[in-house]
Each structure stands twice: as structure tokens, then as C-alpha cells.
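What follows is a set of notes on a single structure, which appears directly below.
The values are calculated or read from the model by the stated rules, or taken from the named source; none is laboratory data. Since the structure is predicted, the reported quantities are computational estimates derived from the model, not experimental observations. Note that each Cβ is placed from the backbone with ideal geometry, even for glycine, and that neighbours are counted across all protein chains shown.
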Amino acid sequence: MTVGGALRFARFAVPPNQRGYCGPAGEDELAAYRAEELTPDAGLRQLAAGFEGAWPYLELLAGVAGTDDPLDDRVVEAYWIGNELCTRVETMDWGLHLTDRFGPRIGRDIDRLTSSVGRGAVPHHSFHVFNVYPWVGLLRDGRGGDEPLRILRECHISWAVVIDRVGDGLLVEGPRPTWAGGVLGLCDGERRTVWLDPRLAHLGETIRTGSIVAIHWGEAVDVLTHRQRAWLARLTETQLAIANRAGIPVR
């Protein structure tokens, strides 16, 4: 297990896990690993493997990377942020992965997911958020009021530039998903305050005015390079486009 990759996984995974959306019980233990209060070990790997949404994608990407470690840092980066591994998955492997994983659950609607293979769909967190989870479908149906859009905006990994520090938070500016006229898009230049966990001292020490941060569930979870920001933006936009072309997502 790669320590850097395991810690990166935990940084991104803790916010939804603490809210009860993803992963196994044991959110306090996962948060302690993330804060490096516990040394990354087999216990962290076991917790990561309990994320039924993320772990199969990580295993698929690990195969592309030629490693048996789903927590290899390049693999974890590919899933949450994006890199060249996402685009190297063989079409057949990707299609079989979707069929095996979701076919028994959704029946004939699996064709909607597999039809996106070869048209820009990649094993990236944004694909799962926009095309597998039901939130876009709920928006199309007009069900759930503002809640589906709120969850989409919090669950997808966004990026923003740090404007200033505000207490335990950061004032940032960046895009967020919008829903207008039946189309899912991205706004531009929205300012908001996000949380920076004071337990993540090593992360906090690297953040400066002008830093680009990754945001998950209203929390700054990583500092991005310009290359990483470009990958995240590119893959977010392509998976959004697929969601807009597709039918109603299913869980």
C-alpha cells in the first residue's frame, strides 16, 4: 500500500463518510488516519475497500497502472482528480466492468451506461456522481426540490482558487454545477467559504493565497497543481456532457 495514495484517498473519502453517504462505519477511525494520528496500515486499506462506490473503480485503474495496489497514488489521483490512467482503460474492460457491477441491479438500463463507453465515459468519480447516482434523474423529474442539486454540488469534486483565509476556512472562487433549462452545467467564478480541517496540519501548511484546492462536501481536501486542475476540469466537463445526453441515472 502506498502511504501517499492511502492518505489522499482518506482526505477525499472522509467528508461523505462522515455524512453517512459513502463507505463503512468507522468514520472516526478513517478521520484519524487522514489526520495521520494513526499510521496508514492494513486497517486503512480495509476501510477503503469498504467504499463500494470507489473501490471497484480503483481496482480497475490499478490494473491499467500495472499494480495490484488500488491505493497507489497514481491510481487514487486518477479516480478523484484525473490523470492519463482514466483514458487508458480498454473499452471492453470498461464495458464489462459496468455490466458486471451494475447489470444485476438495473437490468436493461445497463445499456444506458455501457453506451457511454467509447463516447468519453471514464472510470472517474465525476462519472459516478453524474451518471450512476440518481440525482440528475431526480432533477429531470422535478422530484426532491433543491436537494438533488445540493447533493450534486457537494458530492462532485470541484476546484477553486484560494482568495483568503477566514478562521478555520478558506474564501475561494471557482465553478460549481448548475441546473437550468433541463441542462446540467458549470457556473464560473462563484465565491464561497469552505472548511479546512485544522487536524490536517500538513495540508494547511501548503495552502497559500492563489493556491488551487480540490473541494469535496464543502471541505478543502487537497492542493492541486495546474496539471491536476486541468485534468479535473476536463473530466468533469466530459462526464457532465454524457449526463446531459443520457437518460435518467439509476443508483
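Return yes or no: is Phe102 of a type in the set (Phe, Trp, Tyr), surrounded by 15 or more Cβ atoms within 10 Å (Cβ to Cβ), outside the structural domain of His226 (by TED's automatic domain parsing) and part of a loop (DSSP other than H, G, I, E, B)? So Phe102 does not fit the description; no.
Of the strands (runs of 3 or more DSSP E) lying entirely inside segment 119-185, those containing at least 2 residues that are crowded, with 19+ Cβ neighbours inside 10 Å and within 17 Å of the chain's Cα centre (by Cα) span 158-166.
Out of all the residues in segment 193-222, which are in contact with a strand residue (DSSP E or B) (Cβ under 6 Å, 6 or more places away or on another chain) and either on the phi > 0 side of the Ramachandran plot or in a strand (DSSP E or B) (or both)? Matches in segment 193-222: Thr193, Val194, Trp195, Ile212, Val213, Ala214, Ile215, Gly218, Glu219, Ala220, Val221, Asp222.
Filtering segment 202-228 to residues that are in contact (Cβ under 8 Å) with a residue 12 or more places away in the chain and within 22 Å of Asp28 (Cβ to Cβ) leaves His202, Leu203, His216, Trp217, Gly218, Glu219, Ala220, Val221, Asp222.
Tell me yes or no: at least one residue of segment 98-113 is at positive phi and either at pLDDT 95 or above or of a type outside the set (S, T, N, Q) (or both). Yes: segment 98-113 contains one or more residues that are at positive phi and either at pLDDT 95 or above or of a type outside the set (S, T, N, Q) (or both). When you go through (1) modelled with pLDDT of 95 or more; (2) in contact with a helix residue (DSSP H, G or I) (Cβ under 6 Å, 6 or more places away or on another chain) one by one for Val183, which number turns out not to apply? Only one criterion in (1) modelled with pLDDT of 95 or more; (2) in contact with a helix residue (DSSP H, G or I) (Cβ under 6 Å, 6 or more places away or on another chain) is unmet by Val183, namely (1).
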